[in-house]
Amino acid sequence: MTNFMNETSSFNKAKKPIILISGATATGKTALSIVLAKELKRRNYLSEVINADSLLFYKELNIGTAKPSLEERENIPHHLIDHTSITDSMNASDYCDLALPIIEDLHASNKIPILVGGSAFYIRALLKGMYEVGAPNNLAILKLEEIEKEKGWSGIREFLKDVDHSSYEKVHENDRYRTLRALEHYLTHHSKFSTFKDVMDEAGPYDFSQLRESSWCLYHIYLEVPKDKHWELMEKRANKMIETGLIQEVRDILNKPYNSDLKPLQSIGYKECIQFIEENKEESPTNLLGLAEEIYINTRQLAKSQKTFFKKISPKMTYNPIEQSEIIIHDFFDFFKQVIDN
């Protein structure tokens, strides 16, 4: 195999390639990563895939995560898939601790890391450094639960207004996630989340031209499918999950037994199936169609959020994978050749 970092090339000193394949759910990231890895191998370059989808870490979650099959992963080493159990959930900091040494080892072995996934916060943390603060302490969580129990959601919002008025004004009253995140930050770190965010925004959190390692040379392939076609793909995926046994997968998980409140089980596909099972619904064609529709609608909402984040990121090369698969490969190798030759 070709050594892409030979001793006479400047590539060895300052240009260590990382390929990022990103995009919303159901845009064909996995398929493209396999095609690209095989094409690299055909041209005598070695590469390995590093997962950047937060749900693929978990051994128990398969159908509902559209996890690449063992057949798809054959002859292409994959990292951070089936890494841990749902009882040991991971965060962005954990991910960086695991992924950074893998990238370092691949570069040292003259192999190209292919980072693949749609978990934008994890990707940004890995490539640029941690933007998100660490996990809140338990006392902060318990205090917020107590406030909400006594005073309801309006009490939570009033608390945010009192301690961090800037966050209160910027975060919509119905945005539960960002409201609680701001308050958890305040209670854990004794500082305003809005101040922390202002400092981090100055560092250019969406500018992927400046990475945590100056020697990294990033090629960012962003996949975007036209809306109508994308909706169709997400609907088909939801139906396929039900048809191929998602409900039974969830039943098997709950029979272990695992607590249904575990964070990975609150992800799309699993939370809907858990509710379906807990309500003891009959697996009739009508009920199954309703379950698939619910998963599909929630998947669309997730995809919208992912697109909003990734559209802010630059630089990137945006493609429609359905119509531009050959162009993607051509453009990549045109870039790659320039990196090696310069």
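The values are calculated or read from the model by the stated rules, or taken from the named source; none is laboratory data. Note that the coordinates shown come from a computational prediction; the quantities given were computed from them, not determined experimentally. A quick note on method: Cβ atoms are made from the backbone with ideal geometry, for glycine too, and the neighbour counts reach across all protein chains shown.
Key figures
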{"read-out": "Any pair with Cβ under 6 angstrom, 6 or more apart, that starts in the range 248-277 at a residue that is assigned by TED's automatic domain parsing to the domain that holds L291 and ends at one that is of a type outside the set (F, W, Y) and in a loop (DSSP other than H, G, I, E, B)", "value": "I253/E60; L262/I86; K263/S89; P264/I86; P264/S89; S267/L55; I274/S260"}
{"read-out": "Enumeration of residues in the range 210-228 that are closer than 14 Å to I19 by Cα and either modelled with pLDDT under 90 or under 20 Å from the mean Cα position of the chain (by Cα) (or both)", "value": "L211, L218, Y219, H220, I221, Y222, L223"}
{"read-out": "Qualifying positions in the range 276-311 - crowded, with 17+ Cβ neighbours inside 10 Å, under 19 Å from E249 (Cβ atoms) and of a type in the set (G, A, S)", "value": "A292"}
{"read-out": "Residues (over 23 Å from the mean Cα position of the chain (by Cα) and under 23 Å from E232 (Cβ atoms)) located in the range 252-292", "value": "P285, T286, N287, L288, L289, G290, L291"}
{"read-out": "Considering residues of the range 182-201 that are of a type outside the set (S, T, Y) and modelled with pLDDT of 85 or more only, the residue farthest from the chain's Cα centre (by Cα)", "value": "H190"}
{"read-out": "Selection status of E71, closer than 30 Å to Q248 by Cβ and without any contact (Cβ under 8 Å) to a residue 60 or more places away in the chain", "value": "yes"}
{"read-out": "Qualifying positions in the range 233-265 - modelled with pLDDT under 95, buried (at least 17 other Cβ atoms within 10 Å of the Cβ) and acidic (D, E)", "value": "none"}
{"read-out": "Test: residue in the range 138-149 that is closer than 30 Å to Y45 by Cα and out of contact with any His (no Cβ under 8 Å at 6 or more places or on another chain)", "value": "no"}
{"read-out": "Lone qualifier among E158, E145, E169 - being at pLDDT 95 or above and in the same structural domain as K197 (by TED's automatic domain parsing)", "value": "E158"}
{"read-out": "The one condition in (1) on the phi < 0 side of the Ramachandran plot; (2) aliphatic (A, V, I, L, M); (3) modelled with pLDDT of 95 or more that L139 fails to fulfil", "value": "(3)"}
{"read-out": "Any hit, the range 230-245, residues being free of Cβ contacts under 8 Å to residues at least 60 places away in the same chain and among the polar types (S, T, N, Q)", "value": "yes"}
{"read-out": "Tally, over the range 91-121, of residues that are assigned to a loop (DSSP other than H, G, I, E, B) and either out of contact with any helix residue (DSSP H, G or I) (no Cβ under 7 Å at 6 or more places or on another chain) or loosely packed, with under 15 Cβ neighbours inside 10 Å (or both)", "value": "5"}
{"read-out": "Subset of the range 24-71 (residues that are aromatic (F, W, Y) and either part of a helix (DSSP H, G or I) or surrounded by fewer than 22 Cβ atoms within 10 Å (Cβ to Cβ) (or both))", "value": "Y45"}
